[in-house]
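Structure first, then comments.
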Amino acid sequence: MSAIILKGQTVYAPSSQKLTVRPDAHLVAEDGKVTGVYDALPGIYSCAPVVDYGDRLILPGFNDLHVHAPQFPNRGMGMDKELLPWLNAYTFPQEAKFEDVAYARRVYRRFVRELWRVGTTRAAVFATIHTPSAGILAEQMERAGLGGYVGKVNMDRNSPPALTELTDASLANTIRFIEGLENRTRRVRPILTPRFVPSCTEALLRGLGRLAEEHGLPVQSHLSENEEEIAWVRELHPQCRDYASVYDAFGLFGQTPTVMAHCIHVTDDEIALMKRRGVYAAHCPTSNLNLSSGIAPMRRFLDEGLNVGLGSDVAGGHTLSMMDVMASAVQSSKVRWKYVDGKAPLTTAEVFYLATKGSGAFFGQVGSFESGYAMDCLVVDDSRLGDEPRSIEERLERFIYLGDNREIVARYVDGALLPDPEETE
Ligand code: GUN
Ligand code: FE
C-alpha cells in the first residue's frame, strides 16, 4: 500500500447543491485513489508521512471539458467575429500548420505547460486532422502527468483544401491514431472527434459511429453554438428533425460516452434527447461571449439533471484558466437571468462543482474527494489575495475571481505530485 496524506483546508463539491468544507483535514489516498477526508488521522496511517500544507486550501484539480490545443497561439485574436467567419479567417489557417510535426511539438509543449500552470489536471482536447501531431499532443500530456482525452479531428467537407480529408483516409487515420496510443499512453485516451456536422459527410459520420460502437470509444463534438451554423445544418440535413438528430442518426449521440460543446440554442426535443442519452454539455461561457454566440440555459440543464461541465474552448475562449471560465459562467448567467428568462443565475459553489466534479465525471471518478475518486488536487496559497480572516467559502470565491497560477503551489494527479513540465522536458 502506498498512502499519501495531505493536510490543509479542504473543500470540494459532491453535488451542484453541496459544498463540503473540511478545515484542518487530512486528505488520504492509497494507490492514487481517495480513501477519505479525516479530521483525526485513523490509526492505520499513524506511521505514514503527512504533507502539512497548513492554512492553504486543497481543492480538486480543474477539468476542462472542451478545448482546442492547436488554437492556443490564437488566444485573444479575431474576437470581433462570429463563429463561421472566425473559423475561416483565424482557426482553419492556424490548424493547417499542424501538418508540420516540429511546429506541433513546439506549440503543444507550450499548451501542456499552460494547462499545468493554471491547474487543469484533466481535459477533453481537440487536436487537428493530422494524425502524427495528434499523437504528439497525447504523449506530451501523458508525460506531464495530465489526464483526459485527445481527438484527431475528422473533416471531409466544407473545409479549406489543407483541412479536407478523403472520407476513407479520415477513418483509416483515426484507427491509426487510436492504435498508435495503445501502448504509449495510459491516462490520456483517444476520443472520436467529428469537428461538427457541417464539416463531416454522412459517410464519415456513419463510419465514426461504427468505430464508436465497435471499440466502445467516447465522442466529442460541437452542438448548436451559433444561429447561422444551425441554419446551415438544417439546410444540409433537411430530413433530420434538428441538429442533435444528425449525430444521433449515426450513433454519435450518447450511444457511447459523448460530450457536446456549447448547446446554446438547443430545442426542447434536443434537451430531452441529451437527458435520455446522458450526453454531456460542455458550457463554454468565455467563448460564447467572445464569438457573440449566446448564453446557454445552464439553470435549466442543472434543474433537469443533465450532465454538465465547463470548457475553456480556447481559442474561442481567450484563456485556459478554469478560474476565469468559472467567473464568466457566473457573470453570463446573470445577464441571462436579467435579460432573458428570469431563471436564477449560477452561484460560485455551482460553477466550482461544474469545473471539478461536473466536468470530471466524463473522465471517470474524477473531480471530488469522495472515497474512490482519483486523487487529483490543487494546493492553493491565497495569501497574496488578502490578509484579513475569511471563511474557507469566501477564500474559495475570492480565489476563483482573483486567483491565477501564482496561487497554485502544487498539483497532484492520481496521487502523484506533478513537476513543472518545462523542467522535466
Ligand atoms: N465549431 C466547429 N469548429 C469549432 C471550433 O474550432 N471552435 C468553436 N468554438 N466552435 C467550432
Ligand atoms: Fe470548440
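The values are calculated or read from the model by the stated rules, or taken from the named source; none is laboratory data. Remember, predicted model here, so these are calculated numbers, not experimental data. All Cβ positions, glycine included, derive from the backbone under ideal geometry; neighbour counts span all protein chains shown. Note: accessible area is taken over every heavy atom of the protein model, side chains too, but ligands, DNA and RNA are not part of it. Shrake-Rupley method; radii C 1.70, N 1.55, O 1.52, S 1.80 Å.
Sort through Val279, Val308, Val314 and tell me the only one that's in contact with a Leu (Cβ under 9 Å, 6 or more places away or on another chain) and within 10 Å of ligand 1 (Cβ to nearest atom).
Values: Val279 fails: within 10 Å of ligand 1 (Cβ to nearest atom); Val308 fails: within 10 Å of ligand 1 (Cβ to nearest atom).
Result: Val314 is the single residue among Val279, Val308, Val314 that is in contact with a Leu (Cβ under 9 Å, 6 or more places away or on another chain) and within 10 Å of ligand 1 (Cβ to nearest atom).
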Point to revise | Residue list for the stretch 123-144, filter: open to solvent by less than 10 Å² (accessible area, probe 1.4 Å) and not aliphatic (A, V, I, L, M) | key: Phe126, Thr128, Ser133, Gly135
Revision key, fill the gap. Ala162 meets each of (1) at pLDDT 95 or above; (2) outside any helix (DSSP H, G or I); (3) surrounded by fewer than 21 Cβ atoms within 10 Å (Cβ to Cβ) with one exception, condition (2)
Practice item. Exactly one condition in (1) part of a loop (DSSP other than H, G, I, E, B); (2) in contact with a Leu (Cβ under 9 Å, 6 or more places away or on another chain) is not met by Val67; state its number. Key: (1)
Check your understanding: Just one of the numbered conditions (1) within 16 Å of ligand 1 (Cβ to nearest atom); (2) touching a helix residue (DSSP H, G or I) at 6+ places or on another chain (Cβ under 6 Å) is not true of Thr319; which one?
Key -> (2)
Point to revise | Residues (of a type in the set (S, T, N, Q) and either free of Cβ contacts under 8 Å to residues at least 60 places away in the same chain or more than 14 Å from Glu82 (Cβ to Cβ) (or both)) located in the stretch 216-235 | key: Gln220, Ser221, Ser224
Study note, to complete from the structure: Scanning the stretch 378-425 residue by residue, those within 22 Å of the chain's Cα centre (by Cα), within 18 Å of Met322 (Cα to Cα) and not hydrophobic (A, V, I, L, M, F, W, C) turn out to be Glu397, Tyr401, Gly403, Asp404, Asn405, Arg406, Glu407, Arg411, Tyr412
Revision key, fill the gap. Going through the stretch 98-122 in order, the residues found to be open to solvent by 20 Å² or more (accessible area, probe 1.4 Å) and more than 17 Å from Ile408 (Cβ to Cβ) are Glu99, Asp100, Val101, Ala102, Tyr103, Arg105, Arg106, Arg109, Arg110
Study note, to complete from the structure: For the stretch 255-278, pairs from a residue that is under 13 Å from Arg300 (Cα atoms) and open to solvent by less than 60 Å² (accessible area, probe 1.4 Å) to a residue that is among the basic types (Lys, Arg) and away from ligand 2 (no atom under 16 Å from the Cβ), with Cβ under 7 Å and 6 or more apart or across chains, are none
Exercise for review: Using the structure shown, decide if Gly358 is open to solvent by less than 10 Å² (accessible area, probe 1.4 Å), closer than 30 Å to Arg56 by Cβ and not in a helix (DSSP H, G or I).
Suggested key: no
Practice item. Among the candidates Glu95, Glu179, single out the residue that is surrounded by fewer than 19 Cβ atoms within 10 Å (Cβ to Cβ) and either in a helix (DSSP H, G or I) or basic (Lys, Arg) (or both). Key: Glu179
